[in-house]
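The values are calculated or read from the model by the stated rules, or taken from the named source; none is laboratory data. These figures come from a predicted structure and were not determined experimentally. FYI the Cβ positions are ideal-geometry reconstructions off the backbone, even for glycines, and counts take in every protein chain you see.
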Amino acid sequence: MSRLKIFFADCARVVDKKLENLIPAAQTEPKRLHAAIRWSLFAGGKRFRPALCIAVGEA
């Protein structure tokens with residue numbers, strides 16, 4: 001695996017872990033709202049900008 005892919009995978013894990021800690025569980029009232037928030041945040045393809053911010057911060 002390339003260094004770039006490894007970097008993006010590491011960033012995705014960090015961001016996902018932080019989001020899990022910040023966003024209420026889907027079962028938390030109002031359930032429908034929290035389920036929608038989680039779906040929109042955890043759907044694929046949304047980790048490039050956070051990885052870019054992390055890369056800039058580390059530069």
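Kindly establish whether residue 44 is of a type outside the set (Lys, Arg), modelled with pLDDT of 95 or more and either in contact with a Phe, Trp or Tyr (Cβ under 6 Å, 6 or more places away or on another chain) or surrounded by fewer than 13 Cβ atoms within 10 Å (Cβ to Cβ) (or both). If you could, list the steps in order and put the result at the bottom.
Numbers: of a type outside the set (Lys, Arg): yes; modelled with pLDDT of 95 or more: no; either in contact with a Phe, Trp or Tyr (Cβ under 6 Å, 6 or more places away or on another chain) or surrounded by fewer than 13 Cβ atoms within 10 Å (Cβ to Cβ) (or both): yes.
So residue 44 fails the test.
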Answer from 26, 35, 51, 12 - the residue that is surrounded by 14 or more Cβ atoms within 10 Å (Cβ to Cβ) and either among the polar types (S, T, N, Q) or in a loop (DSSP other than H, G, I, E, B) (or both):
26
Subset of segment 28-59 (residues that are more than 18 Å from residue 6 (Cβ to Cβ) and in contact (Cβ under 8 Å) with a residue 12 or more places away in the chain)
37, 38, 41, 42
